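Chemist: Let me begin by handing over the structure; questions about it come next.
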Amino acid sequence: MRTRIATNKELENIEIEFEGKSLSAFPGESIAATLAANGILDLRRTRAGNPRGLFCGMGICHDCLVEIDGQPNQRACMTKVDRPMKVRRQEFLGKLSPAPLHTNETPDKSAQFEPVELLVVGGGIGGMSAAATAAEAGTNVVLLDERPQLGGQFCKQPTPFHLSAAKATTDRQVRLGQDLIKRMSNAGVEVVTEAQVWGGFPQRDILVASSGRTRFFRPDQLIVATGAYERGLPLPGWTLPGVMTTGGAQSLFRSYRVIPGDRILVAGNGPFNLQVALELAEAGATIVAIAESSPKPGLGSLGALYEMFLGSRQLLFDGARYSLAIKRRKIPLLYDHQLISIDQTTGGLRSQLASSINEALESAYSFDSDIVCMGYGFFPANALLRALGCAHYYDKTRGYLVVNRSSVFETTVSRVYAIGDCASLGGAYAAGEEGVIAGLHAAALAGHQPGRALLKEAESAKIRLTQHRRFQSGLWRLFAAPQINTALANSETEICRCESVTMGQIDNAIQSGCASIAEVKQRTRAGMGRCQGRYCAPLLAELLTDKSESPIDEESFFAPRVPVIPIRVGDITMLSKS
């Protein structure tokens, strides 16, 4: 039985119907949260008829597609409950319906040119910091965010309905988001939520689907702060319903007070897993184990710990508190252990763990759970930056593309800035400082004169940014672990989740002579699904370079194309009517 944290507003619920069954939902929560609270994790079927469910929880993977009021292809994790509705599992691709998708606004069938001094894409800590400081300096600012609630992944905001829940108003990350939202409002930033940015061109033209119409922005300056998304680790069973990213589970809890299962296994690399495991345990979940792929800290970790201490004592103490709380709760914390496979059982999921020291990765532990959370790091969400033509280079150590930036975070495309994790994974607090610096630079370039307080804030931001980078350097020395890409996949493991392309099919394509990622795509359809290669492209790039022994660069990935996210054809055809 899944758990929904009780509130004092039970009478305000909304009844929705799921395949003939009446379910109680709370206003503003996602369809995925309502279904998870009722133990429903199986949401759609693949081409082969295999079940899929919530995975990323942030609209990237499109594995949680459902049919709502006869309309297919609706993301359960991004669609909020705002009325009674009928929801069904979606069959492969779904069937089209003539019924219009419900909207509270009359669609505008034309895209209108909208000039603005500064456009910010992304409503996380970086984007909000940039928008607020630029607006305070006198800049006309519009901020776009795809989600119903601002805050991004780090400052996830509860829905207004859930805001009064225990800890929601005292949590430091929630409060930081609230402060930035208030600061933007006071500064006069125009905020557009549920805005799908689907096109970007080198002259800074941005196309957005919002409230049933297409909007066309051509800003004088553009700040991209689209954040990051969690890595997927292809291993047997990683596509089963109930297997989700650690961030997906945290979103359910922090935004909607829903725990997706009673028994949860958390596996991956990094402190984020410890934080989320503890949050879920304190809320009532049983954490059957935490598998951490890095070695257990010891005397050899003192240098890394000292560097973290010099960077941020507060964050170091937070980490120590998580570790002590996990120990007090007697949650098994298995260092040097790797999740290697997941099987479906009558009662849920059975996971096999192996010691990372054992090169053969033979099973050492087996755990039964309702949910398996995978948290193996992140990838920059750089699709928009690449579509804009911003140059990137490949960081082999970290395994992802990094955008080229100046000291004020301007990219190789004039007056386009990239801040935060979409540029290079540096952590949320660093993103906030980068936002302040970039926002004030954009304001000054637009001819505005920031006041003394803002200039002092920018100088302080530079100092704090150096400290946060130092902390991050020590942190990832402490959590250093071998990067596993496709080593755990067998021939039947799906590498491309969207198109169900297996490791065996990828191997066959490469063996038959496919030497580039484009050729593999043509031969297998890998990368042609709704996530548009966000999960499989880094894996394919690594596989191809292993075969060719050539270095990875930006050309090793799928070419950026518009639309950068799946949208309705009608959103594109509106452009011809403007």
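Chemist: Among DSSP beta bridges lying fully in segment 233-376, give the percent that are antiparallel, nearest 5.
Modeler: Of all bridge pairs located within segment 233-376, approximately 45 percent are antiparallel.
Chemist: When the convex hull of the C-alpha atoms of segment 233-376 is computed, what volume per residue in Å³ does it have?
Modeler: That works out to 117 Å³ per residue.
Chemist: Contour minus end-to-end for residue 554 and residue 203, with contour as 0.36 nm per residue of separation and end-to-end as the Cα-Cα distance? All intermediate terms of the calculation are to be shown ahead of the outcome.
Modeler: On the way: separation 351, 0.36 × 351 = 126.36 nm, distance 2.07 nm.
Roughly 124.3 nm would be gained on extension.
Chemist: Find which of 550, 355, 210 sits farthest along the positive direction of the dipole of the chain, computed with +1 on the beta-carbon of Lys and Arg, -1 on that of Asp and Glu, about the Cα centre.
Modeler: Sorting the options by dipole projection puts first 210.
Chemist: Now, a different point. What is the magnitude of the charge dipole of segment 233-376 about its Cα centre, with +1 placed on the Cβ of each Lys and Arg, -1 on the Cβ of each Asp and Glu, and no other charges, expressed in debye to the nearest 20? Write down the numbers at each step before the final one.
Modeler: Values: 11 positive and 12 negative charges, 106 e Å.
Dipole magnitude for segment 233-376 comes out near 520 debye.
Chemist: So which cysteines in the chain don't have a second cysteine's C-beta under 4.7 Å from them?
Modeler: Among the cysteines of the chain, those whose Cβ sits 4.7 Å or more from every other are 64, 77, 155, 373, 390, 422, 498, 514, 531.
Chemist: Ok, one more. Can you give the Rg and Dmax of segment 435-499 based on its C-alpha atoms, in angstrom?
Modeler: When restricted to Cα atoms, segment 435-499 yields Rg and Dmax of 21.5, 62 Å.
Chemist: How compact and how long is the chain, expressed as Rg and Dmax of its alpha-carbon atoms in Å?
Modeler: 22.9, 67
Chemist: Can you compute the modelled spin-label distance between residue 525 and residue 459, with each label point 7 Å from Cα toward Cβ, in nm?
Modeler: 6.0
Chemist: Let me ask you something else. Give, as ranges by residue number, the residues of segment 16-50 whose backbone N falls under 12 Å from the point 7 Å along Cα→Cβ of residue 82.
Modeler: Flagged as within label range: 28-29.
Chemist: Which percentage, to the nearest 5, of the DSSP beta bridges contained in the chain is antiparallel?
Modeler: Working: 50 of 89 bridges.
That works out to approximately 55 percent antiparallel.
Chemist: Next question, about the same structure. Taking the Cβ of each residue in 312, 24, 407 as the centre, tally the other Cβ atoms inside 10 Å and list the residues starting with the fewest. Mind showing how you got there, number by number?
Modeler: Details: 312 21, 24 13, 407 8.
If I rank by nearby Cβ atoms, fewest first, I get 407, 24, 312.
Chemist: A further question on this structure: Each label point is 7 Å from the Cα along the Cα-to-Cβ direction; what then is the distance between the points at residue 547 and residue 296, in nm?
Modeler: 4.2
Chemist: Hey, how much of the P(r) for segment 3-89 falls beyond 17 Å, as a percent of Cα pairs? Numbers along the way, then the final one.
Modeler: Working: 1618 of 3741 pairs.
Summing the P(r) of segment 3-89 above 17 Å gives 43 percent of all pairs.
Chemist: If you don't mind, there's one more thing I want to ask. Rounded to the nearest angstrom and ordered from largest down, what semi-axes does the equivalent ellipsoid of segment 112-211 get from its C-alpha gyration tensor (root of 5λ)?
Modeler: Working: eigenvalues 131, 48, 21 Å².
Square roots of five times the eigenvalues give 26, 16, 10 Å.
Chemist: By counting other Cβ atoms within 10 Å of each Cβ, how are 555, 519 ranked from fewest to most? If you can, show how the numbers build up before the last one.
Modeler: Values: 555 11, 519 15.
Fewest-to-most ranking of 555, 519: 555, 519.
Chemist: For q values of 0.16, 0.24 Å⁻¹, compute log₁₀ I(q)/I(0) with the Debye formula on a Cα-only model of segment 456-570, without solvent.
Modeler: Log-scaled intensity ratios, in q order: -0.81, -1.29.
Chemist: I would also like to ask the following. Using 0.36 nm per residue of separation minus the Cα-Cα distance, give me the extension gain between residue 113 and residue 263 in nm, one decimal. Write out the running numbers ahead of the final one.
Modeler: Values: separation 150, 0.36 × 150 = 54.00 nm, distance 5.12 nm.
The residue 113-residue 263 span can extend by a further 48.9 nm.
Chemist: Additional query: Based solely on its DSSP helices, what 222 nm [θ] is calculated for the chain when runs of n ≥ 4 H residues each add -39,500 (n - 2.57) and the sum is averaged over all residues, nearest 500 deg cm²/dmol? All intermediate terms of the calculation are to be shown ahead of the outcome.
Modeler: Details: 14 runs with 169 residues, N = 578.
My calculation for the chain gives -9000 deg cm²/dmol from helical runs alone.
Chemist: For the charge dipole of the chain, defined by +1 on Lys and Arg C-beta atoms and -1 on Asp and Glu C-beta atoms about the Cα centroid, which residue among 244, 535, 567 has the Cα displaced farthest towards the positive pole?
Modeler: The listed residue farthest towards the positive side: 244.
Chemist: Taking Rh as the Kirkwood radius computed over C-alpha pairs, what is the Stokes-Einstein D of segment 195-245 at 10 °C in a medium of viscosity 1.306 mPa s, expressed in µm² per second? Don't skip to the end; give the middle numbers.
Modeler: Working: Rh = 14.1 Å.
Once the numbers are plugged in, D ends up at 112 µm²/s.
Chemist: Still on this structure, please answer the following. Report the per residue volume, in Å³, of the convex hull enclosing the C-alpha atoms of segment 371-529. Before the final figure, lay out each step's value.
Modeler: On the way: hull volume 24.7 nm³, N = 159.
Output value, Cα hull per residue: 155 Å³.
Chemist: In whole Å, how far is the Cα centre of segment 272-310 from that of segment 36-74?
Modeler: With segment 272-310 and segment 36-74 each reduced to a Cα centre, they are spaced 31 Å.
Chemist: Please report how far the C-alpha centroid of segment 484-516 lies from that of segment 384-433, rounded to the nearest whole angstrom.
Modeler: 29
Readers should treat all values here as calculations from the given coordinates under stated rules, not as data from a laboratory. Source: prediction; values computed, not measured. Positions of Cβ are generated from backbone atoms using ideal geometry, with glycine treated the same way; all protein chains shown enter the neighbour counts.
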